[in-house]
Amino acid sequence: MIGFGGDYNPEQWLDDKNILEEDIRRFHEMGVNTVSVNIFSWSFLEPEEGKYDFTFLSSLLDRLYEEGISVNLATPSGARPKWLSDKYPEVLRVREDRRRMIFGERHNHCYTSPVYREKVRAINEKLSEAFGHHKAVIAWHISNEYGGECHCPLCQDAFHRWLEKRYESIDELNRRWNNAFWSHIYDSFDSIESPSSIGEGQNPALSLEWKRFVTHQTIDFMNEEIKAVRKYSDLPVTTNMMYNYTGLDYSRFADCLDFISWDNYPAWGTGFDGDDVLVAADNAMEHDYFRAMKNKPFILMESCPEATNWQPLSHLKRPGVMEAESLEAVAHGADGALFFQMRHGRGGFEKFHGALLDTSGRETRTIKEASELGKKLELLSDVKGSVNKPRIAIINDTQSRWAMEGAAGPRNKGLHYRDNLRRVYLGIRRCGFDVDVIDSDHDFSSYRMLVAPMLYMFRKGVMERMRNFASQGGVLVVTYWSGVVDDYDSIYPGRTPYGLSDLLGLCRAEIDALQDGVENSVEPVLGNTLGINRSYTSSILSEIPEVYDAEPILIYGNDFYKGIPAVTRKGSVYYIGSMMNEDFYSDFFSSVASAEGLEPIMKTLPRGVFVSERIKDGKSYIFMQNFSAHDVVIRSETFEGKIIIGEGNTIRPYGTIVIER
Ligand code: GLA
Ligand code: ZN
């Protein structure tokens, strides 16, 4: 069974016992099989320090079990009770400007504080003891959306100890951080302060190391939470991660979790200038990132069945969009498509946030659509456990992005990293391939093609692994602004992209930043071996390479670098020098795929149609979805196999076809 349901916070209506029964009736009507509870329940579980009361939670779990509904049981560390910070102010976060926060909101605790760790450990152990073997509970939902950072004295001290372990001496740190610049030499680890708007905000290596430390400290905190629930229970653990969140390097979390889960709130109809094909591509890319972390099915832990209440515009989901969004997650490897939230609260910050059930008790459009979705997910039961096995990977490396976006450099008004990444991604998807989106430390060996768009930082070993990949017959695509700096954001001496200029047959000479809206033309070179014969445009950043030994495929059409190659090929190593318009990427990758003998799931798709394939026990499940505004007719030979979802060979907008082979 594919998980279907979502966050359920019934502590908000304890005074009305009928609501739970009414909700359960509706859960069955919609086909709901899983809920996540206890996420923000700490005050109810431990109303006074050390006095636990699990009566409600216990009866809730029993009731859900009777009804055959499974539970992701959360640890409640995402929001703490007031008594905790009143009594122990050290648990309150200190902001980067060194002001300590006061009680309020959530997700704002010091992850270093021994008191906070102790209180969380204590309640987690109690929960584990009480419910770690409860028949309703299928997984531990560890905390909620870890994020943010604390600059308190405890965190400063932990930062120092962490640095001390990483460097042989303070001289070594000064050298790697280039602290001779502005003569900002530190004389001891203890004298280092975390980045601050009232202090050091312009030391790139310090900023990077601080971010690494924040990731380390958050994972350390999470591991303590996991250890506590593991005391009496060996149920799988996960934590719900966020969309395109760069406050943490999520890739480092994967090894500590049994399965990955994440929360997705796409802005259908309004994001990316209302272009839902880009919204769909953006979601898909994020799913592919989270799936690739463990090469295993993940869970879409939260999404919104209706409009959210926190986006700039609470644009209603059009009929069919909720279903398309949920099935898209499944298409990309999710074994669960859950929502935030099951029922609207009557008050509080999120009272206007969408939910499956509202306060009117009516048979709403949402309930009707959710019931249809529930049936489709039921039909997809066999898909559970299958995985996508892409032969192409795109590198999306958080640490490199930290460094690149943190460096005062070629385009401080916006590097358009994510935009470029999405164009590359959509280009490959339009050629009908599944894709993994990976960190640069991820193993490359299962792929035929590796694409490194704007991989500014080559961390230790990355270049060697890329060379190895290419020497084993892999197809390597490297773009502009790659291989510029090392782990500490120091420029690599010699020709760049670091260590690859012989493979590429070129090196970076200059990089030009273009004003927003300004484009250069890019022209095909007659008779190029990729057979590309259309012109394109480039924008944002244009690298000007010095080419010694590569075939020019396209050249810049204007400006003083007119005639200089913008796209090159040397054997199976390709270079893209600028951010091209969207169509370039589908043409380029389809030419490269045929030149290199890569077979897609389905050949050349109309814009907006996405195809992916999940594989299990010799069976393959092909998902086709249409995110364009028009009906799309799929060639009939595509339909070999058993149709699980869909009728006929036309996919309506936001429609889905699933075939089993
Ligand atoms: C996040 C949180 C939820 C809720 C939703 C609202 O994903 O995890 O608790 O606040 O946002 O969209
Ligand atoms: Zn702190």
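Observations on the model:
- Segment 255-266, subset within 12 Å of ligand 1 (Cβ to nearest atom) and touching a helix residue (DSSP H, G or I) at 6+ places or on another chain (Cβ under 9 Å), residue nearest to Arg230 (Cα to Cα): Ser261
- The set of residues from segment 277-329 being of a type in the set (Gly, Ala, Ser) and either in a helix (DSSP H, G or I) or touching a strand residue (DSSP E or B) at 6+ places or on another chain (Cβ under 7 Å) (or both) comprises Ala280, Ala281, Ala284, Ala292, Ser303, Ala324, Ser326, Ala329.
- Here Asn124 meets each of (1) within 13 Å of Leu235 (Cβ to Cβ); (2) within 11 Å of ligand 2 (Cβ to nearest atom) with one exception, condition (2).
- Of all residue pairs spaced 6 or more apart or on separate chains, those with beta-carbon atoms under 7 Å, a first member in segment 212-229 that is within 10 Å of Arg117 (Cα to Cα) and a second member that is part of a helix (DSSP H, G or I) are Phe221/Arg117; Met222/Cys256; Glu224/Arg117; Glu224/Arg121; Glu225/Val120; Glu225/Asn124.
- Conditions (1) part of a loop (DSSP other than H, G, I, E, B); (2) of a type in the set (Asp, Glu); (3) more than 30 Å from Ala74 (Cβ to Cβ); (4) modelled with pLDDT of 95 or more: number failed by Glu149: (3)
- Counting residues in segment 320-339 that are surrounded by 15 or more Cβ atoms within 10 Å (Cβ to Cβ), at pLDDT below 95 and more than 22 Å from Pro653 (Cα to Cα) gives zero.
- In segment 500-536, of all residues being touching a Phe, Trp or Tyr at 6+ places or on another chain (Cβ under 8 Å) and of a type in the set (Ser, Thr, Tyr), the one that is farthest from Arg569 (Cα to Cα) corresponds to Ser521.
- Taking segment 283-314 as the range and being touching a helix residue (DSSP H, G or I) at 6+ places or on another chain (Cβ under 9 Å) and surrounded by fewer than 19 Cβ atoms within 10 Å (Cβ to Cβ) as the test, the residues that pass are Lys294, Gln311.
- Across segment 403-416, the number of residues qualifying as surrounded by 19 or more Cβ atoms within 10 Å (Cβ to Cβ), part of a helix (DSSP H, G or I) and not small (Gly, Ala, Ser) comes to 1.
- Unmet criterion (only one of (1) within 16 Å of ligand 2 (Cβ to nearest atom); (2) hydrophobic (A, V, I, L, M, F, W, C); (3) in contact with a strand residue (DSSP E or B) (Cβ under 7 Å, 6 or more places away or on another chain)) for Phe103: (3)
- Count - residues of segment 73-131 that are within 16 Å of ligand 1 (Cβ to nearest atom), small (Gly, Ala, Ser) and within 20 Å of Glu149 (Cβ to Cβ): 4
- All positions within segment 330-356 that are outside any strand (DSSP E or B) and either away from ligand 1 (no atom under 15 Å from the Cβ) or over 18 Å from Thr308 (Cβ atoms) (or both): Val330, Ala331, His332, Gly333, Arg346
The values are calculated or read from the model by the stated rules, or taken from the named source; none is laboratory data. Not measured: the values here are computed from a predicted model. Every residue, glycine as well, gets a Cβ built from its backbone with ideal geometry; the counts of neighbours run over all protein chains shown.
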